[in-house]
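K.L.:
Below: one structure in structure tokens.
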Amino acid sequence: MNTERCFHCNEPVPDGFNFSLNFDGRARSFCCAGCLAVADTIISSNLADYYRFRTEPAGKASAMPDSLRAELANFDAPDVLANVSHQQGELTEIELSVSGISCAACAWLIEKQLRKSSAVHQVNVNSATARCHLVWNSAQTPLSNLLNSLANIGYQASPFVADKEEQLFKTELSRFLKRLAVSGIMSMQVMMLAIALYFGDYSGIEASHQGYLRWISLFLTLPVVLYAALPFVSSAWRGIKARQLNMDVPVSLAIYYTFFASAYATAFNTGEVYFESVCMFTFLLQLGKFFEYRARARAREATGNLLKIMPVSATLLVNGQPQIVSARRLKQGDVIILRPGETIAADGEVSSGQSSADESMLTGEYRPVAKGIGDKVLAGSVNHDGLLEIKVTTPLQASRLGQIIKLQQRTLSQKPAVLQKTDTLARYFVERLLLIAAATFVLWYFWLDADRAFWVTLSVLVATCPCALSLAAPTAVTCALASLNRRGVLIKNSAVLDVLPQLSYLVFDKTGTLTEGRFSVSSVEILADDYSQAEALDLIANLEAYSEHPIARAFNSYRTSTLPLAQTQIHIGAGISAICNGQHIKVGSAAFCAVTQQHNAMVYLSVNDRNIAAIQLQDGVRPEVPGLLQMLRQQGYRLMMLTGDSSAQADELQRQLQFDAMVKGCSPEQKVTEINRLVAAGQKVLMLGDGINDNPGFHAAHVSVTLQSGSDLSKNQADVVLLQPSIGLLAELLSGSSRAQRIIKQNLRWSVGYNLLIIPLAVAGFVSPYIAVLGMSFSSLLVVSNSLRLLKK
Amino acid sequence: MSIIYVLIPIAILFVLIGLTVFFWAVRSKQFEDLDKEGFSILFDEDNTGDTEKDDKTTP
């Protein structure tokens with residue numbers, strides 16, 4: 001085996017390849033012409049610092065086909081450009097999604113490369129989200145030139161339209177940061193002063209100093225209650241308006257009541273002040289909310305590249321002349337032309353031409369579907385190899401793709417309501433607390449001691465302040481999210497932590513989820529005596545090394561030697577031919593190799609027109625699947641497989657893995673129906689899938705999980721994203737959530753128990769406000785440190 | 001101890017300056033990509049003209 005690795009992308013250099021370049025005084029080898037060209041461009045344009053400082057190898061740079069380069073020119077049409085960018089005077093502002101960014105050095109490289117053009121006014125690359133913000137003069141340099149210059153250094157960029165929701169997320173996130181800063185920094189200041197006041201109480205303090213420190217604390221707490229704590233108030237207000245007391249009602253009550261009582265004490269120089277509690281409380285609660293929000297925002301940004309699916313432009317035939325228009329403008333009856341590699345922009349019928357289309361985005365099936373005259377094609381699928389002329393039957397918005405997206409939005413509102421435990425607890429508590437406080441005040445004012453009424457009521461409210469109660473769940477959830485994230489499980493919707501421990505039914509998609517989502521060799525039939533299986537596969541692998549087709553990748557690992565090939569030719573949609581040691585070799589479909597079709601075989605090998613081997617390819621099961629299913633079954637979950645595949649492979653898999661139920665040939669609607677049936681039967685359902693066809697089902701299920709390799713749309717929609725290519729993380733998710741649940745229960749038990757104990761004492765007037773605040777802080781601390789246990793391990 | 005009547009307001013002034021700087025940093029999007037900025041010091045900035053141009057167009 002050759003251990004030499006490509007200087008650019010760090011993939012093994014295949015034997016017999018001889019691409020090398022001098023850099024920093026050493027010859028560096030490359031795995032392919034693409035990587036060599038990219039590295040050459042980078043080094044010769046003085047950007048070699050990239051190689052010195054990068055922390056991750058670059059992605060393999062496949063040479064960009066001319067057809068794709070031509071497609072970039074589509075973005076220059078004013079009609080299309082206007083759809084994806086903003087005009088600011090003579091400058092154009094655009095957001096690009098860049099694929100191939102692996103580390104921060106890439107961001108630097110891209111910025112440098114773009115700044116070389118004098119038309120570029122501003123460029124800012126975000127390496128975390130793989131986005132590029134570009135402002136340039138489109139009259140001076142067309143967009144396609146800039147995109148081409150990026151392609152030269154190995155990055156493929158395409159225009160991106162962030163949806164409104166994402167914009168909102170962004171502004172909200174920076175608002176969160178500011179609020180956190182205000183409450184955090186002010187907490188430190190106020191706490192510093194509080195220590196002085198505490199010491200003053202023990203060792204004596206001049207009344208003027210005490211008053212001064214209190215006024216300063218009051219002044220510093222103002223921004224916290226007037227700015228940082230506002231989200232709690234608005235949420236509480238929304239709750240009250242909807243006649244639903246939520247957790248934010250007692251939180252805001254506690255913040256403002258404590259603040260005003262302290263302000264009163266400051267102004268009239270009596271009683272105690274609790275400014276530091278107000279600040280700390282606000283800060284801790286904000287922190288929890290911020291972490292959850294950031295996890296969601298990050299997941300959205302990194303995955304929200306919807307434009308790759310939604311086609312932007314199309315080539316319309318007007319009076320026989322091709323003309324590039326925006327995909328949204330297509331009407332029924334229009335005729336569009338599709339070159340190989342282009343995304344189909346509307347549902348339609350093939351009116352001329354022959355090709356195959358990749359519909360995996362919509363159906364989850366990776367096998368290309370043959371398309372001839374009269375066949376229907378779907379928007380969002382990719383034309384593989386032939387030129388097609390398509391008569392539009394349904395415009396983009398109403399197309400199958402558009403419908404699936406709409407179906408999702410509709411099912412979104414039907415998501416089974418998750419019972420928010422703390423919210424119901426809070427509702428129960430707040431009502432009674434307010435009643436008890438009011439009763440205490442009345443009791444003391446009229447019957448016991450009118451002078452003490454105010455302070456006793458205050459200590460009732462402070463002692464029973466549901467701080468610990470309201471910190472109980474959020475802190476545990478935050479810690480659980482963080483620790484799962486570290487293990488490669490990204491939870492976007494923290495409400496699922498509540499449901500996960502109650503799950504009873506797990507639903508799996510097949511292709512790409514249980515299986516690898518790519519082809520591998522499943523059986524080889526040798527039809528001639530003079531070739532062994534290894535020899536035949538080696539021969540095929542040598543030829544397939546020239547192809548980028550998904551089928552070709554299946555043979556990569558079977559290559560054991562380097563054969564001298566001559567006149568290698570790729571026949572699109574058919575196969576590859578070459579001459580080796582004077583023999584004419586063909587690898588490809590049955591028709592291409594001129595042999596008879598064998599049962600189920602997809603790839604044939606012929607030497608001098610003699611059939612040597614027939615190979616069946618299969619989408620192999622992920623290695624961790626059998627073990628995982630075994631474990632889940634032992635834990636008492638019921639398992640189900642829903643697949644869009646109707647072939648025998650589904651039955652084969654069912655025989656292997658023994659699901660409790662299996663439905664094959666499912667349309668997205670059927671998947672929803674199946675899941676709804678389970679939900680109606682009282683099951684708590686988790687859905688694990690990766691394709692767009694699973695998305696409607698995601699919303700029907702209680703919890704949806706997708707894989708990093710899944711489509712962007714599904715990552716956008718799912719509650720949970722598994723960040724490593726292993727569905728074994730599902731076990732981590734389940735165990736992590738039940739641990740979190742346990743901690744939440746402990747926290748709730750403690751805080752409720754504490755409150756029940758302290759109320760009678762406070763009402764009876766035994767608890768001075770001082771002790772009340774100590775008790776409150778202590779139980780909050782206990783709850784927070786209990787939650788922090790989740791971060792260990 | 002009357003020095004605290006001077007020192008504490010000065011301390012508060014610094015806190016306010018710190019907060020203003022933080023707000024400015026958030027507004028100019030410095031918290032959006034924390035990886036990249038750490039790297040920027042490693043690379044030679046050979047054409048300074050470009051960065052100046054950037055500053056002007058930054059809203």
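K.L.:
Taking a threshold of 29 Å on the Cα-Cα distance, which of the pairs A:Lys745/B:Lys29; A:Lys376/A:Lys664; A:Lys371/A:Lys671; A:Lys371/A:Lys586 fall above it? Don't jump to the answer; show the numbers that get you there.
P.N.:
Working: A:Lys745/B:Lys29 39 Å; A:Lys376/A:Lys664 22 Å; A:Lys371/A:Lys671 26 Å; A:Lys371/A:Lys586 24 Å.
Checking Cα-Cα distances, A:Lys745/B:Lys29 exceed 29 Å.
K.L.:
Using a basic spin-label model with each label point 7 Å from the Cα along Cα→Cβ, how many nm lie between A:Ala398 and A:Gln502?
P.N.:
In this crude label model, A:Ala398 to A:Gln502 measures out at 4.2 nm.
K.L.:
Another question about this same structure. For a footprinting-style exposure proxy, rank A:Trp444, A:Trp237, B:Trp24 by other Cβ within 10 Å, fewest first. Walk me through the numbers before you get to the answer.
P.N.:
Numbers: A:Trp444 21, A:Trp237 13, B:Trp24 10.
Ordered from fewest to most neighbouring Cβ atoms within 10 Å, A:Trp444, A:Trp237, B:Trp24 come out as B:Trp24, A:Trp237, A:Trp444.
K.L.:
Using Cβ counts within 10 Å as a stand-in for footprinting exposure, how do A:His133, A:His8 rank, fewest first? Each step should come with its number before you reach the end.
P.N.:
Numbers: A:His133 15, A:His8 28.
Result, fewest neighbours first: A:His133, A:His8.
K.L.:
Using 7 Å Cα-to-Cβ label points, what is the A:Arg655/A:Gln321 separation (nm, one decimal)?
P.N.:
Reported label-point gap for A:Arg655 and A:Gln321 is 6.1 nm.
K.L.:
Once R0 is set to 60 Å, what does the formula 1/(1 + (r/R0)^6) return for the Cβ-Cβ distance between A:Val752 and B:Ile41, expressed as a FRET efficiency to the nearest 0.05? It would help to have the intermediate numbers written out before the result.
P.N.:
Details: r = 52 Å, r/R0 = 0.87.
Approximately 0.70, to the nearest 0.05.
K.L.:
Just subtract the alpha-carbon distance of A:Thr560 and A:Phe219 from 0.36 nm times their residue separation and send over the number in nm, one decimal. Numbers along the way, then the final one.
P.N.:
Details: separation 341, 0.36 × 341 = 122.76 nm, distance 7.64 nm.
Going from the current span to full extension adds 115.1 nm.
K.L.:
If Lys and Arg each add +1 and Asp and Glu each add -1, what is the summed charge of the other residues whose beta carbon sits under 15 Å from the beta carbon of A:Phe260?
P.N.:
Details: positive: A:Arg214; negative: A:Glu272.
Residues near A:Phe260 contribute 0 overall.
K.L.:
Give me the Kirkwood hydrodynamic radius of segment A:313-395, using the inverse of the mean 1/r over all pairs of distinct Cα atoms, in Å to one decimal.
P.N.:
On the way: mean 1/r = 0.0814 Å⁻¹.
One over the average 1/r among Cα pairs gives 12.3 Å for segment A:313-395.
K.L.:
Oh, and also: Rounded to a whole number of µm²/s, how large is the Stokes-Einstein D of segment A:175-214 at 4 °C and 1.567 mPa s, given Rh as the Kirkwood radius over C-alpha pairs? Walk me through the numbers on the way to the answer.
P.N.:
On the way: Rh = 11.3 Å.
The Stokes-Einstein estimate is 115 µm²/s.
K.L.:
Still on this structure, I have one more. How big is segment A:585-637 by Rg and Dmax over its Cα atoms, in Å?
P.N.:
18.9, 58
K.L.:
Additional query: What's the FRET efficiency of A:Ala27 with A:Ala574 using the Cβ-Cβ distance as r and R₀ = 35 Å, to the nearest 0.05?
P.N.:
Values: r = 39 Å, r/R0 = 1.11.
It comes out at approximately 0.35.
K.L.:
Restricting things to alpha carbons, tell me how big segment A:208-265 is in terms of Rg and Dmax, in Å.
P.N.:
For segment A:208-265, the Cα radius of gyration and maximum Cα-Cα distance read 13.8, 47 Å.
K.L.:
What are the equivalent ellipsoid semi-axes of segment A:548-679, built from the alpha-carbon gyration tensor (square roots of five times its eigenvalues), in whole angstrom, biggest first? Present the calculation step by step, with values, prior to reporting the outcome.
P.N.:
On the way: eigenvalues 339, 58, 30 Å².
Square roots of five times the eigenvalues give 41, 17, 12 Å.
K.L.:
In the neighborhood of A:Leu729, defined by Cβ-to-Cβ distances under 13 Å, what is the net charge if each Lys or Arg adds +1 and each Asp or Glu adds -1?
P.N.:
Numbers: positive: A:Arg486, A:Arg487, A:Arg622; negative: A:Glu624, A:Glu732.
For residues surrounding A:Leu729, the net value is +1.
K.L.:
Another one. Could you check the simple spin-label distance between A:Ser45 and A:Arg742, using points 7 Å along Cα→Cβ, in nm with one decimal?
P.N.:
5.6 nm
K.L.:
Something else now. Hey, quick one: spin label on B:Thr20, modelled 7 Å out along Cα-Cβ, who in segment A:171-200 has an amide N within reach, i.e. under 17 Å?
P.N.:
Counting backbone N atoms under 17 Å from the label point, the list is A:182.
K.L.:
Can I ask one more? Considering the alpha-carbon set of segment B:3-42 alone, what are its Rg and its Dmax in angstrom?
P.N.:
Values for segment B:3-42 (Cα only, Rg and Dmax): 15.4, 46 Å.
K.L.:
When each pair of different Cα atoms in segment A:516-621 is counted once in the 1/r mean, what is the Kirkwood radius in angstroms, to one decimal?
P.N.:
On the way: mean 1/r = 0.0739 Å⁻¹.
For segment A:516-621, inverting the mean 1/r across all distinct Cα pairs yields 13.5 Å.
K.L.:
Same structure, new question: For segment A:623-722, which chymotrypsin sites (Phe, Trp or Tyr not before Pro) are both in a DSSP coil and crowded by at most 15 other Cβ atoms within 10 Å?
P.N.:
Working: sites: A:Tyr637, A:Phe659, A:Phe698; in loops: A:Tyr637, A:Phe659.
Sparse-neighbourhood loop chymotrypsin sites (Phe, Trp or Tyr not before Pro): none present.
K.L.:
Quick one: give the max-minus-min coordinate of the C-alpha atoms of segment A:66-160 along each principal axis, largest first, in Å.
P.N.:
Each principal axis gives a Cα extent; for segment A:66-160 these are 34, 31, 22 Å.
K.L.:
Step through the table entries A:Lys492/A:Lys792; A:Lys170/A:Lys492; A:Lys112/A:Lys178, compare each Cα-Cα distance with 23 Å, and write down the pairs that go over it. Can you show the working numbers first?
P.N.:
Details: A:Lys492/A:Lys792 21 Å; A:Lys170/A:Lys492 15 Å; A:Lys112/A:Lys178 31 Å.
Going by Cα-Cα distance, A:Lys112/A:Lys178 fall outside the 23 Å limit.
K.L.:
Can you give the Kirkwood hydrodynamic radius for segment A:1-60, in Å, rounded to one decimal and based on Cα pairs?
P.N.:
On the way: mean 1/r = 0.0859 Å⁻¹.
Computed over Cα pairs of segment A:1-60, the Kirkwood hydrodynamic radius comes out at 11.6 Å.
K.L.:
Taking segment A:153-256 on its own, what percent of its Cα-Cα pair distances exceed 16 Å? Can you show the working numbers first?
P.N.:
Working: 3818 of 5356 pairs.
Tail of P(r) above 16 Å: 71 percent of Cα pairs.
K.L.:
Let me ask you something else. Can you give the extra length, in nm with one decimal, that the chain gains between A:Ser20 and A:Arg5 once fully stretched, where that is 0.36 nm per residue apart less the Cα-Cα distance? Write down the numbers at each step before the final one.
P.N.:
Numbers: separation 15, 0.36 × 15 = 5.40 nm, distance 1.15 nm.
Length gained between A:Ser20 and A:Arg5: 4.3 nm.
Where a number appears in this text, it was derived from the coordinates with a stated rule and is not lab data. Everything quoted here is computed from the prediction, not taken from an experiment. Methodologically, a virtual Cβ is constructed for each residue, glycine included, from the backbone with ideal geometry; neighbour enumeration extends over all protein chains shown.
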